1. Which percent of the accessible heavy-atom area of the stretch 376-489 goes to carbon and sulfur, probe 1.4 angstrom?
2. For the stretch 301-458, what does the accessible surface come to per residue with a 1.4 Å probe? Please give it in Å².
3. For the stretch 382-430, with equal point scatterers placed on the C-alpha atoms only and solvent neglected, what are the log10 I(q)/I(0) values from the Debye formula at q = 0.21 1/Å, to two decimals?
4. Rounded, prolate or oblate: which one fits the stretch 358-497, using the alpha carbon gyration tensor with axes a ≥ b ≥ c (rounded when a/c is under 1.5, else prolate when a/b beats b/c, else oblate)?
5. Hey, what did the stretch 410-452 get for relative contact order, percent, Cα under 8 Å, at least 6 apart?
6. Take the cross-link list Lys223/Lys466; Lys202/Lys238; Lys202/Lys264; Lys223/Lys330; Lys411/Lys470; Lys317/Lys470 and give me the ones stretching past 29 Å between alpha-carbons.
7. Normalising by the residue count of the stretch 252-366, find the relative contact order in percent from Cα pairs under 8 Å and 6+ residues apart.
8. Tally Lys/Arg at +1 and Asp/Glu at -1 over every other residue whose Cβ is under 13 Å from the Cβ of Gly373; what's the total?
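The values are calculated or read from the model by the stated rules, or taken from the named source; none is laboratory data. Not measured: the values here are computed from a predicted model. Cβ placement follows ideal geometry from the backbone for every residue including glycine, while neighbour counts extend to all protein chains displayed. Side chains are part of the model used for accessible areas, which takes the heavy atoms of the whole protein and leaves out ligands, DNA and RNA. Shrake-Rupley method; radii C 1.70, N 1.55, O 1.52, S 1.80 Å.
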Amino acid sequence: MKLLFLSWLGNRIDWRKLFVVGALMTIGGAVLQSFTLPYPLNMWTLSPPVIPSYRIMNGTMKLRETITEARVEEFQPLLNAPVVSLNSSIELNQSVSVEIQRVTTSPSTTSRRRKKKTKTNDDPKVTLPSPHRIEPSRLQRHIWSLPPDEALLYAKKEIEHAPAVLDDPYLYAPVFRNLSIFKRSYEMMEMMLKIYIYPDGKKPIFHTPHLRGIYASEGWFMKLMKENRQFATRDPQKALLFYLPYSARQLEVALYVRGSHNLKPLSIFLRDYVNMIAAKYPFWNRTHGSDHFLVACHDWGPYTLTAHEELTFNTIKALCNADLSEGIFKAGHDVSLPETSIRSPRRPLRNIGGGKRVSLRPILAFFAGSMHGRVRPILLEYWKDKDEDMKIYGRLPVRVSQKMSYIQHMKSSKFCICPMGYEVNSPRIIEALYYECVPVIIADNFSLPFSDVLDWSTFSVVVAEKDIPKLKEILLAIPLRKYLAMQSNVKMVQKHFHWNPGPIRYDLFHMILHSIWIKRLNQIQIPQL
């Protein structure tokens, strides 16, 4: 062995021959593996192809792994669009379902196809559908082709024959009057409703949403409606409703003379605007304003409409001041608009929610606020400093607020008293819901928001003004089991009163829109056979 090694050292190594032999062995190994691997090799690598995975979450499609360009052509996306049945309860706005299937082809077919792609340099691409733009179904196209009254008549018949819905993952049945009717009506709204927003009117009274404070509901609706692509249309011929985009709050700021107590200039301004709309467009005169709507949260909203008769009585009015005794707001025709207090326009849901469980709520009832209107002075007369269980104040005293803030009081109370102020509406009702405190509403003649679909008796208490002296007795008479159910329902109904920067199904924007949609349907009569 030693002699063999010494003889090898004495010979010169032919490196060229050694390189040729090594190259031949490498090529032979690669060819051998191409016949033995379960997948064909089309890259200078021995690693298997990366198989993409898709995931759908809240209607948004996210690609979890990178798709290598060399393997894209082996996958074909299959798009399953939702099919709408006339008597189904399928959610029309459900997320698009996407399945990626691998096309099973023979190695030779795949190879020929790959060569062709390489020559033409026509690399295939995976096109993902937009989660917010679903192609209209044949049924939708048919409905959009109908005259407005015929389309609405079709929708009304569909709603009357709604399939039974006992439970829904997004809707809590106990807080609804009739979940089946609401769900079908909401589906028809999503399928059919188109709204034309009049471009006329100068800023800031028109097209300038007021987004902060207790009158912010009108501004948030305007903002989200103008940004909406599902319901808004630029073609008035397709519209089932027409929106007058004015702000009652901006109207007050621009035209009201402080201390004058004269609202006539405001109502004359709106009268002239409607007359201009009626002269410029044919749509107002076609229905005398019955398919038009406005949204106003300022207390003066109803009173600024009185100079124009059709504006007062024909138009669908979404008003925070939903007082049935004034003769302007009409139940079944108009919409009670929730009054929400917004502190941060950039984050409307900031610092709300997070209520305590019942065992950590030692206060029976709480109220603190300014003394105006007819109800609040009576409330203080009977209950201020009269009972330890009833924390009733005017403005929250400094000595009290230093120990426990206004919001902490709401979070620590079983019931939150919500008396009317100058008008029947109060932002405390929605605040109570936010902090999981059962609202006690004291305002005669107040039409509660969304009362056509929500059963307020399941998550609130309504007390007549004359029963203020018996307030504690009324609250203590509620059994613990019933109270626990009501407090739980408060949590479940919260989402229907949330302003989201980007609207979410069944939130406050959509609930207001649905109430307006229902009032438009109420104008259509089904012919009796």
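1. About 52 percent, which is the carbon plus sulfur part of the accessible surface.
2. Each residue of the stretch 301-458 exposes 41 Å² on average to a 1.4 Å probe.
3. -0.89
4. Here the stretch 358-497 falls in the rounded category.
5. 45 percent
6. In this structure, Lys223/Lys466; Lys317/Lys470 exceed 29 Å between Cα atoms.
7. 19 percent
8. That works out to -2.
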